[in-house]
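Peer 1: First the structure, which I've put down as structure tokens, then a few questions once you've had a look.
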Amino acid sequence: MDVEILARLQFAFTIAFHYIYPPLSIGLGLVMVFLEGAYLRTGNKEYETLARFWTRIFAITFGIGVATGIVMEFEFGTNWATYSRYVGDIFGSALAAEGIFAFALESGFLGILLFGWNRVSPRVHFIATLGVWLGSMFSAVWIVVANSWQQTPAGYHIVGEGLNARAEITDFWAMVFNPSSVDRLLHVWVGAFLAGAFLVLSVHAYYILKNRHVELSKRAFKIALGIAIVSSLAQLVIGHSSAEGVAHNQPAKLAAMEGHFDTLAPAHMYAIGWVNKEEQKVTGIGLPGGLSFLLHGDFKEPVKGLNAFPEDERPGAVNAIFQFYHIMIAIGMILIALSLYGGWLWWRGKLFDKPWLLWVFVWAVILPQVANQTGWFAAEMGRQPWVVYGLLRTSDALSKAVTANQVLFSLILFFIIYTLLLALFLYMMNKKIQHGPTVHATLNEHRPMQKDMSNRLNR
């Protein structure tokens, strides 16, 4: 197999596996902040018990996320040396900022979050939880900024020529706030909130169905459902803004997402379909001129299609991009409907009266993960054939010395190791969930007992 295809497969596999965990960490961090905030506000120990339980789950996702993320940095050097040289100055500043502003904050408070129960006051522990969550949010900022710069480069100039060419920053803040970074960052954050919220909804719906930890679960379920309602609706607005940005900055990608070829024709918006690239048509169900209306407010307004671009500058796998994009959209609409229906039942006082709905929430945990993955696939495949849009082709970004056999061998090893890590993750998660939340006495509750024992010894 071609070395470029293998290198792309390897990177896609490793980052897709890694991307399971950071969104969960960000989303669970938000839930934990709400749980500990509720405990501080009400003094109700049930919220503290829930916060302790989800802190243990958070620790698992955080640990696996760190372990799987390191591999990608080595792949930059082994498989993508030309790319690393080209973007090194850009990525170096962004990743340095992540270490200074994000990882230091996150790791600095992580010890207090995990081991500070009964050792610091509830208020200090809440600050630590908030610090870890904000650290994970800031970490996403710099990763998304680096990736967004590849999509819409800004604030740079090119130094050198040929294989020695590289991009250097001329305006740091123009690089940070490149044309796509804000929309993409909000999209990633909200997707992470949904991933965390639906994990909490899934676990506590399961407890309620099994008649375990019922009162605790009802409290956690309502908090997570509130996050899901707000996040799913916000994602609808952010997704629309992001699509408008793609239409302006990467029109070839948007055309591929909707299978639109003819530049002189209005662009349809499909709910479901199949793209025949050879015949340049889509067979499916959709709204004629729907994309034209969303972009221009006119169903008959032409939208730039794939035929407007040279053939070697168009995304290749048009049908795959179309399918991934529409899976993401379909899941987003399902999450909105499910969240709003749950909110309506909550308002009517019947949220926990429908076992079938609770079973839907149990299995819906997979939906935000699938949406996050397919959205990323659509975005990255839609950028092709560029690894840095309009500047560096993917085929030119490869290491010149690496061979197909070397990449294939490492891909097989990664597959084995990551399969074991996934099995470990699922085993540990299942073990924690089966054990469930347990009530812990606080330090203050231990002190009267310690004082009584001391008095007895003194006697």
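The values are calculated or read from the model by the stated rules, or taken from the named source; none is laboratory data. What you see is a predicted model; the values in this text were computed from it and never measured. Cβ placement follows ideal geometry from the backbone for every residue including glycine, while neighbour counts extend to all protein chains displayed.
Peer 1: Return yes when ALA267 is at pLDDT 90 or above, crowded, with 24+ Cβ neighbours inside 10 Å and within 20 Å of GLU311 (Cα to Cα) and no when it is not.
Peer 2: Here the answer is no, as ALA267 does not meet what is asked.
Peer 1: Can you pull out the residues in the range 394-423 that are in a helix (DSSP H, G or I), within 26 Å of the chain's Cα centre (by Cα) and in contact (Cβ under 8 Å) with a residue 60 or more places away in the chain?
Peer 2: THR394, SER410, LEU411, PHE414, PHE415, TYR418, LEU421, LEU422
Peer 1: Would it be correct to say that GLU73 is of a type in the set (Asp, Glu), under 22 Å from the mean Cα position of the chain (by Cα) and either crowded, with 19+ Cβ neighbours inside 10 Å or within 16 Å of GLU36 (Cβ to Cβ) (or both)?
Peer 2: Judged against the criteria, GLU73 is not a match.
Here is a yes/no grid of residues against (1) in contact with a Gly (Cβ under 9 Å, 6 or more places away or on another chain); (2) surrounded by fewer than 19 Cβ atoms within 10 Å (Cβ to Cβ); (3) in a helix (DSSP H, G or I); (4) modelled with pLDDT of 90 or more:
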residue: TRP142; (1), (2), (3), (4): yes, no, yes, no
residue: ALA146; (1), (2), (3), (4): no, no, yes, no
residue: TRP149; (1), (2), (3), (4): yes, no, yes, yes
residue: PRO153; (1), (2), (3), (4): yes, no, no, yes
residue: LEU163; (1), (2), (3), (4): no, yes, yes, no
residue: ASN178; (1), (2), (3), (4): yes, no, no, yes
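Peer 1: Please find, among GLU46, GLU75, the residue that is assigned to a helix (DSSP H, G or I) and farther than 30 Å from VAL388 by Cα.
Peer 2: Among GLU46, GLU75, only GLU46 is assigned to a helix (DSSP H, G or I) and farther than 30 Å from VAL388 by Cα.
Peer 1: So which residues in the range 197-238 are among the β-branched types (Val, Ile, Thr), surrounded by 19 or more Cβ atoms within 10 Å (Cβ to Cβ) and free of Cβ contacts under 8 Å to residues at least 60 places away in the same chain?
Peer 2: Across the range 197-238, the qualifying residue is only ILE238.
Peer 1: Also: I want to confirm something. Restricting to the range 135-150 and keeping residues that are in contact (Cβ under 8 Å) with a residue 40 or more places away in the chain and among the hydroxyl-bearing types (Ser, Thr, Tyr), which single residue is farthest from ASP89 (Cα to Cα)?
Peer 2: SER136
Peer 1: So, VAL31, is that one surrounded by fewer than 22 Cβ atoms within 10 Å (Cβ to Cβ) and in a helix (DSSP H, G or I) or not?
Peer 2: Considered against the rule, which asks whether it is surrounded by fewer than 22 Cβ atoms within 10 Å (Cβ to Cβ) and in a helix (DSSP H, G or I), VAL31 comes out as no.
Peer 1: Within the range 369-393, which residues are basic (Lys, Arg) and either touching a residue at least 40 places away in the same chain (Cβ under 8 Å) or under 30 Å from LEU236 (Cα atoms) (or both)?
Peer 2: ARG383
Peer 1: Does any residue in the range 151-178 that is in contact (Cβ under 8 Å) with a residue 12 or more places away in the chain and of a type in the set (D, E, K, R) come within less than 8 Å, Cβ to Cβ, of a residue that is surrounded by fewer than 18 Cβ atoms within 10 Å (Cβ to Cβ) and part of a strand (DSSP E or B) six or more places away or on a different chain, and which pairs are these?
Peer 2: Pairs found: ARG166/ILE158; ARG166/VAL159; GLU168/HIS157; GLU168/ILE158; GLU168/VAL159.
Peer 1: Can you list residue pairs whose Cβ atoms sit under 6 Å apart, with the first residue in the range 66-91 being within 17 Å of THR152 (Cα to Cα) and the second being in a helix (DSSP H, G or I)? Count only pairs 6 or more apart in sequence or on different chains.
Peer 2: As it stands, the answer is ILE90/TRP149; PHE91/ALA146, since those pairs meet every condition given.
Peer 1: I would also like to ask the following. State whether one or more residues within the range 154-161 are more than 30 Å from PRO355 (Cβ to Cβ) and in contact with a helix residue (DSSP H, G or I) (Cβ under 6 Å, 6 or more places away or on another chain).
Peer 2: yes
Peer 1: Next question. Consider the range 339-365. How many of its residues are of a type in the set (Phe, Trp, Tyr) and without any contact (Cβ under 8 Å) to a residue 12 or more places away in the chain?
Peer 2: Qualifying residue count, the range 339-365: 3.
Peer 1: Then there is this: Do we find a residue being farther than 24 Å from GLY191 by Cβ, charged (D, E, K, R) and touching a Pro at 6+ places or on another chain (Cβ under 7 Å) anywhere in the range 271-286?
Peer 2: The answer is no; no qualifying residue exists.
Peer 1: Return the pair list, or none, for Cβ contacts closer than 7 Å from residues in the range 300-316 that are in contact (Cβ under 8 Å) with a residue 60 or more places away in the chain to residues that are surrounded by 13 or more Cβ atoms within 10 Å (Cβ to Cβ) and of a type in the set (S, T, N, Q), at least 6 apart or on different chains.
Peer 2: Final answer for the pair search is PRO315/GLN384; GLY316/GLN384.
Peer 1: Note down all Cβ pairs under 6 Å where the first residue falls in the range 262-282 and is among the hydroxyl-bearing types (Ser, Thr, Tyr), the second is not in a strand (DSSP E or B), and they're at least six residues apart or on different chains.
Peer 2: The qualifying pairs are THR263/LYS304; THR263/GLY305; THR263/ASN307; THR263/ALA308.
Peer 1: Assess whether ALA397 counts as being closer than 19 Å to ARG8 by Cβ, surrounded by 18 or more Cβ atoms within 10 Å (Cβ to Cβ), at pLDDT below 90 and not aromatic (Phe, Trp, Tyr).
Peer 2: yes
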